[in-house]
Every structure is written in C-alpha cells, then in structure tokens.
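Read the structure below first, then the notes.
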Amino acid sequence: MIIKGEVIRLTQDDDVNTDYIISGRYKFQIQDPKELAKYVFNDLEPDFIKRLAGRGIIAAGENFGCGSSREQAPLALKYAGIKAIIAKSFARIFYRNAFNLGIILIEADTEDIKDGDLIELDLDSGFLKNKSREFELKVNPLPEFMKEVVKLGSIVNYFNKYGGFKF
C-alpha cells in the first residue's frame, strides 16, 4: 500500500490539540462532516483550508491530537481530504479514533519535512520517501488489519465486510 501526496506543514508544530483541529464552537453546532471540514484549524490558521488545496498529508511535531477524545477532530480532517498525518508522536485516543476513521498515522522524525514536500509512504515495507529533498526514513510498517481498515475507509466498513475482527 503506497500513499503519495504533498505535505502541508502546520504553523504550530507541537501539542496540536483537538480544539485547534476543530474548535468547540463548530464541533458542537455542525453535524454534517463535509460542512465541519470547512473549519479545520480555523482558530490556529484561518486560511488553512485555502492552503490545504488538494494536499493530503499533514506533517507535525510531538503530541499531535492531544486534548479531548471526541471523534469530530479526525472526522473533520478526513472530510477535509487528509489521507495521512506524519508526526513525532500522537495522543493515544486521537491515534485510535483517526485509524478507526481510515486516516493513516505515521510516527517519524519530521524535522526535515517541509511545507510543500512531495512524500511517498510505503506502508508495506515501512519507508517514508521525501521526493522533494531526496531522503528516506524507515518507519514502522502498518499491520495488515490496520491497512485493511484504511483501504475500506473505516472500522465500521471493516465490521460490515467481515462481521468482526479478522486476524
């Protein structure tokens, strides 16, 4: 499984909490995930959605997704078109919620990944290739179960297909 895309680097690198991802004033008022996606990172970077413009990979620092454990944050990211997030570390509950919704999360050293870099993630062999800066990082390959959840788009789709866990 290979994911390719252009990176959007956040202006705040570390401790990006779920209230930065989607503000409480939106996550409790808007039920439609497509509408919610329009307000991703609105408090942190008001022009984020314009800057996103078709990019599908976020690069960040440590502790991405800290804060509340509500699913609206990864749900809004998914509907904004985010396929993968590369960060030094993730908050545990955000990590699980994001994968349950089919977003790929990769823990890696992101120091040399810049805004606009073209990235290729090989989720089978465990390599992150930065095509813009011509370097590659070894990352943990995803387990088959998690790759299947991502391929199907969510844990709900996985259960609908298999009727339970398939190991």
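The values are calculated or read from the model by the stated rules, or taken from the named source; none is laboratory data. Note that this is a predicted model, so its numbers are computed, not measured. Cβ sites come from the backbone with ideal geometry, for glycine too, and all protein chains shown count toward neighbours.
Observations
- Matching helices (runs of 4 or more DSSP H) fully within the stretch 84-164 where at least 1 residues are under 21 Å from Asn63 (Cβ atoms) and not hydrophobic (A, V, I, L, M, F, W, C): 92-100
- Any hit, the stretch 96-113, residues being more than 21 Å from Met1 (Cβ to Cβ), of a type outside the set (Asp, Glu) and out of contact with any Ser or Thr (no Cβ under 7 Å at 6 or more places or on another chain): no
- The set of residues from the stretch 24-44 being in a loop (DSSP other than H, G, I, E, B) and under 17 Å from the mean Cα position of the chain (by Cα) comprises Lys38, Tyr39, Val40, Phe41, Asn42, Leu44.
- Scanning the stretch 113-134 for residues that are of a type outside the set (Gly, Ala, Ser), at pLDDT 95 or above and either touching a helix residue (DSSP H, G or I) at 6+ places or on another chain (Cβ under 9 Å) or exposed (fewer than 14 other Cβ atoms within 10 Å of the Cβ) (or both) yields Lys114, Asp115, Lys131.
- Pick from the stretch 1-23, criterion of a type in the set (A, V, I, L, M), in contact with a helix residue (DSSP H, G or I) (Cβ under 7 Å, 6 or more places away or on another chain) and outside any loop (DSSP other than H, G, I, E, B), ranking: farthest from Phe127 (Cα to Cα): Ile21
- Residue in the stretch 66-82 that is without any contact (Cβ under 8 Å) to a residue 12 or more places away in the chain and assigned to a helix (DSSP H, G or I) present: no
- Within the stretch 83-111, the set of residues being closer than 17 Å to Leu152 by Cβ and either free of Cβ contacts under 8 Å to residues at least 60 places away in the same chain or surrounded by fewer than 20 Cβ atoms within 10 Å (Cβ to Cβ) (or both) comprises Lys83, Arg96, Asn97, Ala98, Phe99, Asn100, Leu101, Gly102, Ile103, Leu105.
- For the stretch 14-37, filtered to residues that are in contact (Cβ under 8 Å) with a residue 12 or more places away in the chain and surrounded by fewer than 17 Cβ atoms within 10 Å (Cβ to Cβ), the residue that is nearest to Arg70 (Cα to Cα) is Pro33.
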